[in-house]
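Input: a single structure, listed below in C-alpha cells.
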Amino acid sequence: MKKIVLVKYILSFALIVTSVAIKAQQNNLAYAVAWKQSAAEHVALYHQGFNIAKLQVEQAINDGNKQQKPLAIISDVDETLLLADSYWAYMIANGRDFFDDAVWDLWVKEDLFSASPGSLEFSEFCRINNIEMFYVTNRDQGEKTFEIAKQNLETAGFHDVDAEHLFVLRETSNKDIIQQGIMKDFQVVTVLGDNLNDFSRDYYLTDVEQRKSLAEKRSHLFGIEHIVFPNPTDGHWMRAIFGTSEPTATSPNRELLHEAASRDAWSMDE
C-alpha cells in the first residue's frame, strides 16, 4: 500500500514539474517579462530617457520662453512613469501568455505599481523648476478609474496629481485632443511615452510596415519632442500584428505571433 501511495506521489510530482516546464517553454511573454524584471539595460534606458527629458527642459529654460507660455511636460502613465512588475510576474507564474484585461483590472486596484527608474527624480526636477507635469492615460476600471489612477501615482510618489493635471480616458486611447488642449495654454517641452500612440494618433495603424515607415519619417522628433521608453509586452505595436491591442489567448493568435517573430527568418537551404 505504501508503495502505491509513493508511486502516486512521484507521478503527481512529475506531472507538476512537467506542467511548469511546459508553461515556461510555451509562454510567449517569458523573454519580454524576464527582460523587464532582470535587465540592467531596462533600468538604463529609463534613466537615459529621463536624462534626455531633463536636458530638453534645461534648454527650454535657457532659451527663454519664446512662446510666452508656461513650460510643461506631458507624460503617459503605465510603463512610462509606473511599472507593473508584479502583474507581469503573475502572468508568467500562472502560465498566461497574453495580456488579460480582467486580471489587470483586479491588479490595478491593488495599487502595487512602482515608479520607473529616474521618473521621480525627473518629476521633482520639474517641480523645482516650475514645469507643469500633465499625466494622460487611457484606462477603464469603472466609475472609480480616475481615483484609482490618482492613487497609483500618489502612492508611487508623484506630485500635483489632481483634476487639472491628470487626464484619464476610459472610452478611447486617442490622446490627441487632450494634448492639443494642453498645448494651447502651455509650451510643451516634450512628451513621454512607451507607445507611439502616446505621441500621435497617426500611429494607430494595423499595418506593421506602415507604422515603422511613419516612425522613420518622424525620426527627427525622437529624443527631442518625443521620448520613448521600452515596453516589449504590450501596446499598439500589438494592434499592427493582431488588429487589436489586446488579442485573446488563442492558438491562431499564437500562430500569428510566431509568424511575426519569424518573418525575416534565415533559411539554411538558401
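The values are calculated or read from the model by the stated rules, or taken from the named source; none is laboratory data. Predicted model, so just to flag it, every value in this text is computed and none were measured. Cβ placement follows ideal geometry from the backbone for every residue including glycine, while neighbour counts extend to all protein chains displayed.
Structure summary
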| read-out | value |
| --- | --- |
| Close pairs (6 angstrom Cβ cut-off, 6 or more residues apart or separate chains): under 22 Å from His47 (Cβ atoms) and in contact (Cβ under 8 Å) with a residue 24 or more places away in the chain in the range 178-196, among the polar types (S, T, N, Q) and surrounded by fewer than 16 Cβ atoms within 10 Å (Cβ to Cβ) anywhere | none |
| Residue that is surrounded by the most Cβ atoms within 10 Å (Cβ to Cβ) [pool: residues in the range 30-72 that are over 27 Å from Asp111 (Cα atoms) and of a type in the set (Val, Ile, Thr)] | Val57 |
| Test result for Phe146, surrounded by 15 or more Cβ atoms within 10 Å (Cβ to Cβ), modelled with pLDDT of 95 or more and within 17 Å of the chain's Cα centre (by Cα) | no |
| Matching option when the condition is assigned to a helix (DSSP H, G or I) and farther than 25 Å from Thr190 by Cα, among Ala32, Ala60, Ala44, Ala53 | Ala32 |
| The range 139-155 - residue that is basic (Lys, Arg) and not in a helix (DSSP H, G or I) and, of those, farthest from Ser114 (Cα to Cα) | Lys144 |
| Some residue of the range 174-194 being surrounded by fewer than 16 Cβ atoms within 10 Å (Cβ to Cβ), closer than 18 Å to Gly235 by Cα and not aromatic (Phe, Trp, Tyr) | yes |
| Number of the condition not met by Ser38 [criteria: (1) under 30 Å from Thr233 (Cα atoms); (2) at pLDDT below 95] | (2) |
| Inter-residue pairs, beta-carbon under 8 Å, first free of Cβ contacts under 8 Å to residues at least 40 places away in the same chain and polar (S, T, N, Q) and in the range 76-103, second outside any helix (DSSP H, G or I) and surrounded by fewer than 23 Cβ atoms within 10 Å (Cβ to Cβ), 6+ apart | Ser86/Leu112 |
| Filter result (free of Cβ contacts under 8 Å to residues at least 60 places away in the same chain and under 20 Å from Leu82 (Cα atoms)) within the range 199-234 | Phe199, His226 |
| All positions within the range 33-48 that are under 23 Å from Asp97 (Cα atoms) and either in contact (Cβ under 8 Å) with a residue 12 or more places away in the chain or aliphatic (A, V, I, L, M) (or both) | Val33, Ala34, Trp35, Lys36, Gln37, Ala39, His42 |
| Selection within the range 158-179 - under 15 Å from Ala72 (Cα atoms) and more than 22 Å from the chain's Cα centre (by Cα) | Glu164 |
| Those residues of the range 218-270 which are buried (at least 18 other Cβ atoms within 10 Å of the Cβ) and of a type in the set (Lys, Arg), in sequence order | Arg239 |
